[in-house]
Amino acid sequence: MLESVKISRRQSEIRQQLAELVAKPEPGEDETRSMETLDAEYRRNETRYRAALTAEDEERREAGGELETRSGREWAEMLEGFEVRQVAAYFDEGREFAGKTAEIVQEMRSAGGYRGVPVPLEALETRNTVSGGTPDPTVTRPIIDRLFAESVAGRIGAQMISIPQGSTEWPVTTSSIAAGWQDGEGANVPLGEAFTTADKALSPDNTFGVQCRITRKAMKQTGAGLEQAIRRDVSEAIRTGLDRAVTLGTGADGQPLGVIAGASTYGITATPIDGEASWAAFRAAVVRFMTANAAGAPGAVRMLIRPEVWAALDDAVLTGTAVSEWDRLTGNIPAGNIAMTNNALADPAGEPEASDALLTTNAGGVPPVFVGMWGGVDVIRDPYTDAQSGGLRLTALVTADVTVSRPEQLEVLTGIQ
């Protein structure tokens, strides 16, 4: 126990004893001496208490930091022990959850909103464990995963937001502050505009689903290896779907409205290039960002392009040199800020074939795109479709939405040949 706490408790006891003595109309000599002794001790303790607070200041700050981060660390440690295969065994054999998996499922069910078994999104991350099972018990072979597109939502600056329930709004400043000089003695400074914000809402109206069909043979043969395969398969399928929705979501048929498909709705500038891919085309967009104070330098701009655009830029070599348009581009925009995808951008079309590109920037610490996700993954079993073969069919549901912070932080380039 901290010394200051001990002193504080003693002070409380002294006050209580003094209150009893003072209440007597005619205290005796012993009682008078007791009051003097207690009063002297109380004054000494006040000095000790202030000194203890000063000495314990650093210790209290460390304890406060420990309390603030303890719950997050405990939850992360529990997630380390979550086993996806227990979810499959629960649906296939009716086996009860055990250990940390049972604790997490019970905790998430208490929050409500799940028809099946809730699975935290963090549990779908690839773990550093060795697959001990095999599809064929007679020959040891690793499970071959499907090929997925690399996630690009994070690379273009989108911020992933975890929302427990309900809708969430993010206020973003939309006004500017006027500044200027007095036009002579006694004159007023320029009149400022009203400081206003726009609320960017994320609503749980869009649900993305992944179906996973597991045969009875796979359930009996793969063991722990099945968990790793399901974990990677479901995680990457969800990530691929979200990447595509962030940019190409139509806003219809249950999809959120993506930033490229909904550029006109969000107020995002769409500039037609209608020409060959070149650094000059991208440079003009970077200049527009800088003149609008959305970016301070070319290195603050992020870019999303198709692989075909990279090929065209790399193939365009300046006459009489060994420098390509791609070299000029990466000489101004770091290669780490450029993401290539064949999933989050539409296939080239037209004659000659042309593609789109997306440029974003982080202005004042505000990301250009918000991606909200509600709760964890809701895993539901279909007990009928594969009942005759003894198989297991799982559906994983994720609710997500997309919105733009400021349209000035994004620009779409179209018709890049």
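The values are calculated or read from the model by the stated rules, or taken from the named source; none is laboratory data. Quick caveat, the model's predicted, so the values are computed rather than measured. Backbone-built Cβ (ideal geometry, glycine too); neighbour counts: all protein chains shown.
Every condition in (1) within 16 Å of PRO368 (Cα to Cα); (2) part of a helix (DSSP H, G or I) is met by VAL309 except one, and the failing one is (1). Of all residues in region 268-286, those satisfying the criterion of being farther than 19 Å from PRO352 by Cα and of a type in the set (Gly, Ala, Ser) are ALA270, ALA280, ALA284, ALA285.
Listed by first and then second residue, the pairs linking a residue in region 277-293 that is outside the structural domain of ARG406 (by TED's automatic domain parsing) and in a helix (DSSP H, G or I) to a residue that is aliphatic (A, V, I, L, M) and at pLDDT 90 or above, with Cβ atoms under 9 Å apart and 6 or more places separating them unless they lie on different chains, form an empty list. Taking the stated definitions as given, is LEU394 touching a Cys at 6+ places or on another chain (Cβ under 7 Å), assigned by TED's automatic domain parsing to the domain that holds PHE289, surrounded by 21 or more Cβ atoms within 10 Å (Cβ to Cβ) and among the hydrophobic types (A, V, I, L, M, F, W, C)? So LEU394 passes the test. Taking the listed residues VAL366, VAL371, VAL404, the one that is surrounded by fewer than 21 Cβ atoms within 10 Å (Cβ to Cβ) and under 18 Å from the mean Cα position of the chain (by Cα) is VAL366, with no other qualifying. When region 94-104 is filtered for residues that are closer than 27 Å to ALA387 by Cβ and in contact with a helix residue (DSSP H, G or I) (Cβ under 9 Å, 6 or more places away or on another chain), the ones remaining, listed by number, are ARG95, GLU96, PHE97, ALA98, THR101, ALA102. Just to be sure before I move on: is THR319 surrounded by 19 or more Cβ atoms within 10 Å (Cβ to Cβ), polar (S, T, N, Q) and assigned by TED's automatic domain parsing to the domain that holds GLY154 in the structure I sent? In short, no.
Applying the set (1) of a type outside the set (Lys, Arg); (2) farther than 30 Å from ALA349 by Cβ; (3) modelled with pLDDT of 85 or more to CYS212 leaves exactly one unmet item: (3). Mind listing whichever residues of region 219-251 are within 26 Å of VAL119 (Cβ to Cβ) and not in a helix (DSSP H, G or I)? Answer for region 219-251, where residues must be within 26 Å of VAL119 (Cβ to Cβ) and not in a helix (DSSP H, G or I): THR222, GLY223, GLY249. GLY254 meets all of the listed conditions (1) within 23 Å of the chain's Cα centre (by Cα); (2) assigned to a helix (DSSP H, G or I) but one, namely (2).
Any residue at all in region 261-270 that is at pLDDT below 90, of a type outside the set (Asp, Glu) and on the phi > 0 side of the Ramachandran plot? Yes - at least one qualifying residue is present in region 261-270. Checking each residue in region 81-113 for being surrounded by fewer than 12 Cβ atoms within 10 Å (Cβ to Cβ) and assigned to a helix (DSSP H, G or I) picks out GLU93, GLN106, SER110. When the residues of region 154-189 are filtered to those that are closer than 19 Å to ALA201 by Cβ and at pLDDT 80 or above, the one that is surrounded by the most Cβ atoms within 10 Å (Cβ to Cβ) is ALA158. For the condition surrounded by 12 or more Cβ atoms within 10 Å (Cβ to Cβ), in contact with a Phe, Trp or Tyr (Cβ under 6 Å, 6 or more places away or on another chain), within 30 Å of ASN342 (Cβ to Cβ) and modelled with pLDDT of 80 or more, PRO256 does not qualify.
Checking each residue in region 398-412 for being in contact with a Pro (Cβ under 8 Å, 6 or more places away or on another chain) and part of a strand (DSSP E or B) picks out THR399, ALA400, ASP401, VAL402, VAL404, LEU410.
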